[in-house]
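Input: a single structure, listed below in structure tokens.
The values are calculated or read from the model by the stated rules, or taken from the named source; none is laboratory data. What you see is a predicted model, and the numbers here were worked out from it, not measured in a lab. We place every Cβ from the backbone using ideal geometry, glycine too, and count neighbours over all the protein chains shown. With ligands, DNA and RNA removed, areas are computed over all heavy atoms of the protein, side chains included. Shrake-Rupley method; radii C 1.70, N 1.55, O 1.52, S 1.80 Å.
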Amino acid sequence: MDVALALKFIPTAIAATLLWSLARRYVFKHPLDILPGPPALSFITGKSATFVKPLPWMAWNITAGLATNERVLYVSDPKAFSHIFLKEQHIYEESDPFLVSNNAIFGKGLLSTLGNQHKRQRKMLNPVFSVGHMRKMVPTFFKVTYDLRDVLLQKTAKGPQELEMVSWLTRTALEIVALCGLGRSFSPVTGDGEEHKFISSIKLLGPLGRGLILVRQLFLPILVKYKIGTGSMLKSIGLMLPWPTLHKMIDVVDTMHEVCLDIFHSKKKDLEQNKDVDDDEGKRDFLSILMRENAKAEEADRLPDDEVIAQISTLMFAAMDTTSSALSRIIWLLAKHQDVQEKLRAEIREAKERFEEPDYDELAALPYLDAVCKESLRMYPPAPFLSRQARQDAVLPFSKPVKTVNGKEIQEMFVPKDTMLTISIHALNTDPEIWGPDAFEWKPERWLSQLPKSVFDAHVPGVFSHMMTFIGGGRACIGFKFSEMEMKVILYVLVDFFKFELGKQEILWNIQGLTTPCVDRKELRPKLPIVVSRAI
């Protein structure tokens, strides 16, 4: 199908999809109709705006509206989570909109593949994120963070200054993952020159994506479903539409792909020239390890070049966005809770009397730093909601009875094929029946003593500290130890030297995929103005 014909067919495909959506919502009954749900706020967006602070351990029927075209099963039950993420993860996979949009942006990487293809990629990437390798990365974390420290020292030389911290935290996270992940620097934290085009492009993905929700959730999946176009044709269609934000996204993706190709071929040439160098003495960045392991793998396990290339931008974006989101929240929390900030500073300064620059194990052994990070990740996960799509008919069990609209109690729910699910990480992480009556309070001290028995009894299937922040199972965050250690290094350095306080502007938090701070919800770029001064 050529571009002109595709453009003529798009309105028909969209109209057909929306008409089928109306029929499914108002003509045909659906198994989820037996579940209660919040009242609809909008015919277009449905009820999605009403479950920002839901009750825990429940299942809801969320009629998602025309934009997402489905009734959505909202889940925050620990037993249901075990089936979704562990026992039946092959059934509850990433949604089509998630996979299609990530494939268009990154290529066939970890965020856009399913089944055996995804398992093969994770198997090849596992050595990259081993604890042994993380230990070797810690000095690089410190080196980059010292650059950030020096910048903030310069900016606060004449007294307290209100600084936009998201941009500095993002810049630091990107430089760390560039050095550790790719073995090269793009835009040093202390550099005053023009930002590298790859870094600028990575930073724009989040803001542009938030402005293209309709494209990601509706238009793109329809184009792929009806095979209207793929690859270059999708790009041509996008450029012909009068949508400046979409055009900018296409430019960003092109720039990223161009740089990723250059990085890949440069790294391949470098590894061929140094193929006799022992792995421990050679390049230790993620891409070098991945490409060395891939070259040694059996043909059945080996990743093709396009899948290796896709991991470059995938890992850069994932490592930058989630870490900067989490760090922004922690800095904001410390600014709000001066007593916690002072207690953390005291622990860090006491530790510095024993070691100026702790190694992996010494950093992990600081109890209050660990408590601050864990409590922040528990109560404020960077991605509070996830989506899943049932790939076949299934029966989803609950740990407690759920009351239907007719008053009947059920212990399980029939989930038809293609049902969309909204998974509330935040609801399970803050469930009072698991974490106690103070579950909605930010209390780092809870991690300094034995956790309640209910936390262990819940059998939450997460890979990190009885919570679902980094999820679990075959699609758990592969780099969660990297992210955790990066946060601890940055806090270890900054909290010792600087005091953080709230400014005059109220900080708001947008939840669109990842949670980001802002002072004006109309602005796409995140902002976190914080008053920074030298710590006494």
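The figures follow:
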| quantity | calculated |
| --- | --- |
| Cβ charges +1 (Lys, Arg) and -1 (Asp, Glu), total dipole of region 301-446, debye | 720 |
| Under 20 Å from the Cα of Lys352 - lysines, other chains or at least 8 residues apart | Lys143, Lys343, Lys488, Lys499 |
| Cα shape, the chain, gyration tensor, a/c 1.5 rule | oblate |
| HN-Hα J in Hz across region 100-110 - Karplus 6.51, -1.76, 1.60, θ = phi - 60°, x for Gly and Pro | 5, 5, 5, 5, 5, 8, 9, x, 7, x, 4 |
| Sequence-distant residues sharing a close amide H with Phe385 (under 5 Å, placed H) | Ile425 |
| Solvent-accessible surface (1.4 angstrom probe) belonging to Trp243, in square angstrom, nearest 10 | 70 |
| Other-chain or far-sequence residues with amide H under 5 Å of Ser399's (modelled H) | Lys79, Ala80 |
| Karplus (6.51, -1.76, 1.60) ³J(HN,Hα), θ = phi - 60°, over region 116-126, in Hz, Gly and Pro reported as x | 5, 4, 5, 4, 5, 5, 5, 4, 6, 8, 4 |
| With DNA, RNA and ligands ignored, accessible area of Ser266 (1.4 Å probe; Å², nearest 10) | 70 |
| Low-density loop positions, trypsin sites (Lys or Arg not before Pro), region 448-521 - DSSP coil, at most 16 other Cβ in 10 Å | Lys504, Arg521 |
| Region 228-371: C-alpha gyration tensor shape, a/c 1.5 cut-off, then a/b vs b/c | oblate |
| Relative packing of 150-163, 410-423, which averages over residues the other C-beta atoms within 10 Å, highest first | 410-423, 150-163 |
| Region 428-508: relative contact order in percent, alpha carbon pairs under 8 Å with at least 6 residues between | 17 |
| Rounded, prolate or oblate (a/c below 1.5 giving rounded, otherwise prolate when a/b exceeds b/c) for region 456-536 by Cα gyration tensor | oblate |
| Alpha carbon centroid spacing (whole Å) that separates region 136-184 from region 438-460 | 32 |
| Extension gain from Gln505 to Ala295, taking 0.36 nm per residue of separation minus the Cα-Cα distance | 70.3 nm |
| Distance in nm between pseudo-label sites at Gln450 and Arg534 (7 Å out along the Cβ direction from Cα) | 4.7 |
| The chain, relative contact order [Cα under 8 Å, separation at least 6], % | 24 |
| Once the Cα gyration tensor of region 162-216 is diagonalised, semi-axes √(5λ) in Å | 22, 15, 10 |
| For the chain, size of Cβ-based charge dipole, Lys and Arg +1, Asp and Glu -1, in debye | 1480 |
| Dipole axis of the chain (+1 Lys, Arg; -1 Asp, Glu on Cβ), positive-most option in Gln505, Gly183, Ile199 | Gln505 |
| Under 5 Å, built H, 5+ apart or other chain: amide partners of Glu162 | Val532 |
| Over 22 Å (Cα to Cα) - which of Lys29/Lys403; Lys336/Lys527; Lys269/Lys481; Lys87/Lys481 fall in this group | Lys269/Lys481; Lys87/Lys481 |
| Hz values of 3J(HN,Hα) by residue in region 305-316 - Karplus curve (6.51, -1.76, 1.60), Gly and Pro given as x | 4, 5, 6, 5, 4, 5, 5, 4, 6, 4, 5, 4 |
